[in-house]
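Okay, so here's the structure we're looking at.
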Amino acid sequence: MNSILNKYRRQRKITESLCDHLEIEDYVVQACPDVSPIKWHLGHTSWFFDTFILRPFSPSYRPLNSQYSLLFNSYYKTFGPHWEQRQRGHLSRPTVNEIFQYRSWVDNQMVELLSSGTPRESFEAIKELVELGINHEQQHQELILMDIKYNFWVNPLRPHYAEQLNNKNAGSKNENHIIPSQFLTILGGMRSVGTKDKQHFHFDNETPKHELYLTPFNIQNRLVTNIEYLEFINCGGYEDFKYWHTDAWDMIQSTKLNCPLYWENREGDWYQFTLYGMKKLAMNEPVSHISYYEAHAYAHWAGKRLPTENEWEVAAKEFGLYPSKTDHVLDRHQYHPREYTPRSTSNGMVDTFGNLWEWTASAYLPYPGYKRRQNALGEYNSKFMDGQYVLKGGSFATSIDHIRSTYRNFYYPDKQWAFTGLRLAEDIDE
C-alpha cells in the first residue's frame, strides 16, 4: 500500500499548493456558471474519496458532515440530489476553513485505510479506486487554474495569480524567430487506437483498443500561433459567415465575439490576460483559449482542417515525444503557454504533450465495443458522450503522469476557458 499511499499524499498536497497564491476571498468567487468556486473543488475532490472509498471499504468510517454529499456531489445521480453547478457560488458556508478541515478528515481516514492490512481482493478494489480518485484530483487541479483565471479576468483590477519567472520573451513581436510551420506525412493503412494496458491507469473511455483504417494525411508540426491567428482576425474572419458552423455563427451574432477569450485591444495593440496578469500579446505563443467553433473556423479560413482524434493519436505515436519535467506541464510551475523560439525543437511534432490541449474534429462518442461501468462510476465519462468534442495532448496545467496519447479530454464546442489551442491537418490527394 505504500506506493499508492505516497501517490495519494502527493496529489492532495499539489492541489492545496495551487491555493498558496490565493487570498481567502478568492476561494468563494464563481464568475460564470461554467466555473466553480475554488473551495468547491477542494470539497468535491475530498467527497470523491469519502464516497467511493471510505464509506464502502472502511467499516469504522463516519462522515464528517452528512450534508456535504448534497453540496459536493458534482453530477452522480446514483447518490441522489446535488447542488446545481451554477449556484455553487451562492454558498458562503461551509467556510474555507471548514472545507480544509474536511480535507484533513478524509486524508486521515484514507491514510489509516491504506496503512492497514487489507485482504488482497479488497486491496485490489481499493487500489483501483484510489488511482481513479488521484486522476480525478489531477483533473481538478487543472480546473482550479482554469477557474481562477476566469474569476480574476472579470475583475477590472486584473489581479495576477503568480509572479512570472523567465519572462525574457514575453510580448515579443518577432515572428521571424518562430519554428517554421511544416506538415508531416502519415501514411494510410490499418492502425490501432485506444488502449488495453492493464499495468497503467487509463479512463474507461480510452477503451477498448481497436483497429481502424486511416487514409493518408498531413499534420502540422506545431500549434497555430497568435500572429497567425491575428491574421485571421484582421482578414475579417469573425465577420464572415462562410467559415463558421451554423450554431457557431449564431453564437458570434448573439455574443459579438471577435477574438479569443482574454484578448483585449487597446488603441490598436493587443494584450492578453494571463495568470501572471495583463501582458502584451506574445506573437510567437500558440493561440490559446479558443473554442472548437473558433478552431474549426480558423482551419477552414486557412484552407486546412482539424485532425480527427484518431489521426492525432496515430501521429502522436509516430512523431510525438512524451514530456519531461523541463517541458510545459504542471510539474514545472509555469502557468502560461511557452513561446516558440529558436530553442524549440522542430523535429517531429512540437508540444504534442503539454502546453495546450488541442481540439480535434471528432465528436466525443464511445469507441466500438465500449462497455459502460454498471455502478455509479458509469456516470464518470459515458454520460457526457453527447454534443462534445475531443481534445488531445494536455496543457501546461496537466500533470506529467496524467498525459498519454490515448487520453480523451472533452468539452462543448462553444467553451473557451479551457487551456486549448489547435494544430492543423490536411488531406493528401492521391
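A few remarks follow.
- The residues in region 80-109 that are surrounded by 16 or more Cβ atoms within 10 Å (Cβ to Cβ), of a type outside the set (Lys, Arg) and closer than 24 Å to Tyr8 by Cα can be counted, and the count is 8.
- Residues that are under 20 Å from Ile400 (Cβ atoms), open to solvent by less than 50 Å² (accessible area, probe 1.4 Å) and among the small types (Gly, Ala, Ser), drawn from region 1-53: Ser17
- Test for Lys39: is it out of contact with any helix residue (DSSP H, G or I) (no Cβ under 7 Å at 6 or more places or on another chain) and either over 13 Å from Ile148 (Cβ atoms) or assigned to a helix (DSSP H, G or I) (or both): no
- Checklist (1) more than 23 Å from the chain's Cα centre (by Cα); (2) modelled with pLDDT of 95 or more; (3) more than 26 Å from Thr274 (Cα to Cα); (4) not in a helix (DSSP H, G or I) applied to Ser74, failing item: (1)
- Odd one out for Ala31, checked against (1) part of a loop (DSSP other than H, G, I, E, B); (2) small (Gly, Ala, Ser); (3) out of contact with any helix residue (DSSP H, G or I) (no Cβ under 8 Å at 6 or more places or on another chain): (3)
For every residue, the table says whether it meets (1) of a type in the set (Val, Ile, Thr); (2) touching a residue at least 24 places away in the same chain (Cβ under 8 Å).
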| residue | (1), (2) |
| --- | --- |
| Val96 | yes, yes |
| Tyr102 | no, yes |
| Trp105 | no, yes |
| Asn108 | no, no |
| Val111 | yes, yes |
| Ser115 | no, yes |
| Pro119 | no, no |
| Lys127 | no, yes |
| Val130 | yes, yes |
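- Considered as a group, the residues in region 325-354 that are of a type in the set (D, E, K, R) and exposed (fewer than 15 other Cβ atoms within 10 Å of the Cβ) include one that is modelled with the lowest pLDDT, and that residue is Arg343.
- Any hit, region 231-249, residues being surrounded by 17 or more Cβ atoms within 10 Å (Cβ to Cβ) and of a type in the set (D, E, K, R): no
- Within region 214-228, restricting attention to residues that are in a loop (DSSP other than H, G, I, E, B) and polar (S, T, N, Q), the residue that is nearest to Ala425 (Cα to Cα) is Asn221.
- So Asp147, is it open to solvent by less than 50 Å² (accessible area, probe 1.4 Å), in a helix (DSSP H, G or I), farther than 27 Å from Asn6 by Cβ and in contact with a helix residue (DSSP H, G or I) (Cβ under 7 Å, 6 or more places away or on another chain): yes
- Positions within region 287-314 being of a type in the set (Gly, Ala, Ser), surrounded by 21 or more Cβ atoms within 10 Å (Cβ to Cβ) and in a loop (DSSP other than H, G, I, E, B), in sequence order: Ser288, Ser291
- Test: residue in region 79-97 that is under 20 Å from Pro56 (Cα atoms) and either assigned to a helix (DSSP H, G or I) or among the hydroxyl-bearing types (Ser, Thr, Tyr) (or both): yes
- Residue match in region 116-133 (condition: assigned to a loop (DSSP other than H, G, I, E, B) and either among the polar types (S, T, N, Q) or in contact with a Phe, Trp or Tyr (Cβ under 6 Å, 6 or more places away or on another chain) (or both)): yes
- For region 264-286, the set of residues classified as over 22 Å from Leu18 (Cα atoms), part of a loop (DSSP other than H, G, I, E, B) and hydrophobic (A, V, I, L, M, F, W, C) consists of Leu281, Ala282, Met283, listed by residue number.
- Any hit, region 2-17, residues being touching a His at 6+ places or on another chain (Cβ under 8 Å), on the phi < 0 side of the Ramachandran plot and not hydroxyl-bearing (Ser, Thr, Tyr): no
The values are calculated or read from the model by the stated rules, or taken from the named source; none is laboratory data. Remember, it's a predicted structure, so these values are computed and weren't measured experimentally. A quick note on method: Cβ atoms are made from the backbone with ideal geometry, for glycine too, and the neighbour counts reach across all protein chains shown. To get the accessible areas, we keep the full protein, side chains included, count just its heavy atoms, and leave off ligands, DNA and RNA. Shrake-Rupley method; radii C 1.70, N 1.55, O 1.52, S 1.80 Å.
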